[in-house]
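Working notes for the structure below.
The values are calculated or read from the model by the stated rules, or taken from the named source; none is laboratory data. Since we're looking at a predicted model, the values are computed, not measured. Neighbour counts are summed over all protein chains in view; Cβ atoms, including those assigned to glycine, are modelled from backbone coordinates with ideal geometry.
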Amino acid sequence: MSKAELARLAGVSPATIERIERGEECRMETKRKILLALGFSLSEREQVFLN
C-alpha cells in the first residue's frame, strides 16, 4: 500500500504519514485511524507503532 493510499484510507494527510515514518510524535486518534486503515485492532498497536 502506498503512503498516499494509507493516508486516504485513514483520513489523514500524506505529510502526517511521512512524519510518523520519521519517528515524530502523533496524536492517539491519528494512530487509531492508521491502525484501523491497516486492518489492525487497537490492541495490536505495538506491531505498528514503537511508542
**OP:** Name every residue in the range 1-42 that is surrounded by fewer than 17 Cβ atoms within 10 Å (Cβ to Cβ) and charged (D, E, K, R), in order of residue number.
**Re:** K3, E5, R8, E18, R19, E21, R22, E24, E25, R27, E29, R32
Original post:
Within the range 27-51, which residues are within 22 Å of A15 (Cβ to Cβ) and not in a loop (DSSP other than H, G, I, E, B)?
Top reply: M28, E29, T30, K31, R32, K33, I34, L35, L36, A37, L38, R45
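Can we say E18 is acidic (D, E), at pLDDT 95 or above and in a helix (DSSP H, G or I)? Talk me through it step by step, then tell me what you get.
Working: acidic (D, E): yes; at pLDDT 95 or above: yes; in a helix (DSSP H, G or I): yes.
Yes, satisfied.
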